[in-house]
Amino acid sequence: MVKTQVQIPDHLYREAKRIAGEYEMSLAEVVRRGLEALVPAYPPRKALGNWQPPRPRRLGWKGLASEQLKDAAQMTRLEEDLGRSAPGTGLKRRVS
């Protein structure tokens with residue numbers, strides 16, 4: 001058996017001591033029984049094996065180069081409202 005120390009909130013300690021007194025068992029027995037009741041609720045997780053994060057991809061936006069993407073992102077609200085194309089992209093934004 002392993003001997004250990006734990007910190008628990010005061011109210012939980014008082015309740016555990018109450019249970020120990022009412023049922024004539026030690027505090028250690030109350031803690032053991034509590035853990036025995038709790039452990040089955042948390043079964044071991046399946047191992048992830050040799051998991052690797054996905055490889056990075058170049059996502060881009062509609063095949064635009066980074067400079068064209070920057071220009072499209074900086075389109076003014078007025079240009080958007082008028083449906084004009086973003087500078088250097090040749091793309092028009094749809095107006096809803």
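Each reported figure results from applying straightforward, stated rules to the coordinates on display, with no laboratory input. On a predicted model such as this, the values are computed, not experimentally measured, just so you know. Every residue, glycine as well, gets a Cβ built from its backbone with ideal geometry; the counts of neighbours run over all protein chains shown.
The 3J(HN,Hα) values that the Karplus relation (6.51, -1.76, 1.60; θ = phi - 60°) gives for the range 35-49 are, in residue order, 5, 4, 6, 7, 4, x, 6, 10, x, x, 6, 5, 5, 7, x Hz. Gly and Pro appear as x. Here the peptides 35-41, 4-10, 64-70, 17-23 are ranked by packing, the mean other Cβ count within 10 Å, and the order with the highest first is 64-70, 17-23, 35-41, 4-10.
The HN-Hα couplings worked out from phi for the range 65-72 by the Karplus form 6.51 cos²θ - 1.76 cosθ + 1.60 (θ = phi - 60°) are 6, 4, 5, 5, 5, 4, 4, 5 Hz, whole numbers, x standing for Gly and Pro.
3J(HN,Hα) along the range 19-34: 4, 4, x, 5, 9, 6, 9, 6, 4, 4, 5, 4, 5, 4, 5, x Hz, from the Karplus curve 6.51 cos²θ - 1.76 cosθ + 1.60 with θ = phi - 60°, whole Hz, x for Gly and Pro.
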